[in-house]
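The structure appears below as structure tokens.
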Ligand SMILES: NC(=O)c1ccc[n+]([C@@H]2O[C@H](COP(=O)([O-])OP(=O)(O)OC[C@H]3O[C@@H](n4cnc5c(N)ncnc54)[C@H](O)[C@@H]3O)[C@@H](O)[C@H]2O)c1
């Protein structure tokens, strides 16, 4: 029997391949036989097949880099793993975490063959997405960057508003909505994962912004933080033929936290920010 998790003969693009979960994904998929192209603002040390310096805040850079990759052959699987933590300016966070994702996906779609797939990283911070479908859908309909920036600025007065959480709700809702059209029209699956705390270079930023108290009491039913590899394996699975009937899905890969909060098994006040 052939290995359905194999990436032999597949051309894979990992956007955000320098560190953390993106680097782990690139390494695993390479070890599984894939030809791995990577995009990032920093050149990774892991041995991938080709690397392009791409700032995922820039639409033109994304378009031309994807076109270059596609000139050599199809893009069977796209993993979008780039992201910015909440320490960065709000619009930059939304640019990398959501707008760069959408731009990269839509640029790749014409080059992804039927049976191909997209998997990206959202976050447990987007866990409120079901209560924000109307608000997020309104934002997703905007095409003008100035209007997007103004819409985000207008949200800053909302209680508990966070551009990071909003960017993650955008990426989940975009994924779930796009799965409905991408699969029937193009035969491409699209999914995302929403990790809980994960031991990557981004972690100190969460401690800085959310507070050590918040990060310490964050419920972790499986114990400590996940490793980048534990998340990368889920992405590798979602991108593979093993997941051929999973589409338009967000997997809370957080050891059970979001499920517990959503069903009342975990007290949601444990996720309230530290008093300032
Ligand atoms: N670490 C966690 O606890 C955690 C939890 C949930 C979700 N996430 C999300 O996981 C994703 C991956 O983050 P990570 O934890 O692996 O952190 P990381 O900082 O190690 O990885 C982020 C990657 O994105 C790249 N990147 C940032 N800005 C870029 C830009 N403008 N253009 C191109 N590349 C850019 C970085 O160079 C890096 O390779 C992010 O979307 C993050 O929000 C992280």
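The figures follow:
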| item | result |
| --- | --- |
| Residues that are assigned to a helix (DSSP H, G or I) and either buried (at least 18 other Cβ atoms within 10 Å of the Cβ) or at pLDDT 95 or above (or both), drawn from segment 263-276 | 271 |
| Residue satisfying all of: in segment 60-88; away from the ligand (no atom under 12 Å from the Cβ) and closer than 24 Å to residue 144 by Cβ; surrounded by the most Cβ atoms within 10 Å (Cβ to Cβ) among these | 66 |
| Whichever residue in segment 228-246 is without any contact (Cβ under 8 Å) to a residue 60 or more places away in the chain and in contact with a helix residue (DSSP H, G or I) (Cβ under 9 Å, 6 or more places away or on another chain) and, among such residues, is farthest from the ligand (Cβ to nearest atom) | 246 |
| Strands (runs of 3 or more DSSP E) fully within segment 1-89 counting 1 or more residues that are out of contact with any helix residue (DSSP H, G or I) (no Cβ under 7 Å at 6 or more places or on another chain) | 11-15, 35-40, 50-53 |
| Matching residues in segment 194-208 - criterion: being under 16 Å from residue 164 (Cβ atoms) and either touching a strand residue (DSSP E or B) at 6+ places or on another chain (Cβ under 8 Å) or surrounded by 17 or more Cβ atoms within 10 Å (Cβ to Cβ) (or both) | 194, 195, 196, 197, 198, 200, 202, 206 |
| Close pairs from segment 144-156: first in contact (Cβ under 8 Å) with a residue 12 or more places away in the chain, partner surrounded by 12 or more Cβ atoms within 10 Å (Cβ to Cβ) and not in a helix (DSSP H, G or I), Cβ under 6 Å, at least 6 apart | 148/142 |
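The values are calculated or read from the model by the stated rules, or taken from the named source; none is laboratory data. This is a predicted model, so every value here is computed, not measured. A quick note on method: Cβ atoms are made from the backbone with ideal geometry, for glycine too, and the neighbour counts reach across all protein chains shown.
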